[in-house]
């Protein structure tokens, strides 16, 4: 079974905020985040996936998620790269 590590982005109070997680079904998980049924941190905002990577096991995905959560330099560079390409098309509720 494949697991995905993902990075999602939203705009809150004129700032771009990211959230990292892992899941088997990334589409379903994003719908839950956007319906305020996901993690408490993500409630009330419109989220967009800006990065995802597949792993063969849950254990590998959890390790990669932990590393990405702690690596703010990498998260920021992924965010900047996305915003540069998308021209800031994310809106908040």
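Look at (1) in contact with a helix residue (DSSP H, G or I) (Cβ under 8 Å, 6 or more places away or on another chain); (2) surrounded by 15 or more Cβ atoms within 10 Å (Cβ to Cβ); (3) at pLDDT 95 or above and you find that residue 42 fails only one, number (3).
Residue-wise test of (1) more than 15 Å from residue 6 (Cα to Cα); (2) in a loop (DSSP other than H, G, I, E, B); (3) modelled with pLDDT under 95; (4) in contact with a helix residue (DSSP H, G or I) (Cβ under 9 Å, 6 or more places away or on another chain).
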position: 51; (1), (2), (3), (4): no, no, no, yes
position: 62; (1), (2), (3), (4): no, no, no, no
position: 69; (1), (2), (3), (4): no, no, no, yes
position: 80; (1), (2), (3), (4): yes, no, yes, no
position: 85; (1), (2), (3), (4): yes, no, yes, no
position: 92; (1), (2), (3), (4): yes, yes, yes, no
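Residues in the stretch 1-21 that are buried (at least 20 other Cβ atoms within 10 Å of the Cβ) and over 15 Å from residue 50 (Cβ atoms): 3 only. The single condition among (1) part of a loop (DSSP other than H, G, I, E, B); (2) modelled with pLDDT of 95 or more that residue 37 does not meet is (2).
The values are calculated or read from the model by the stated rules, or taken from the named source; none is laboratory data. Computed from a prediction, not measured in an experiment: that's the story for all the values here. A quick note on method: Cβ atoms are made from the backbone with ideal geometry, for glycine too, and the neighbour counts reach across all protein chains shown.
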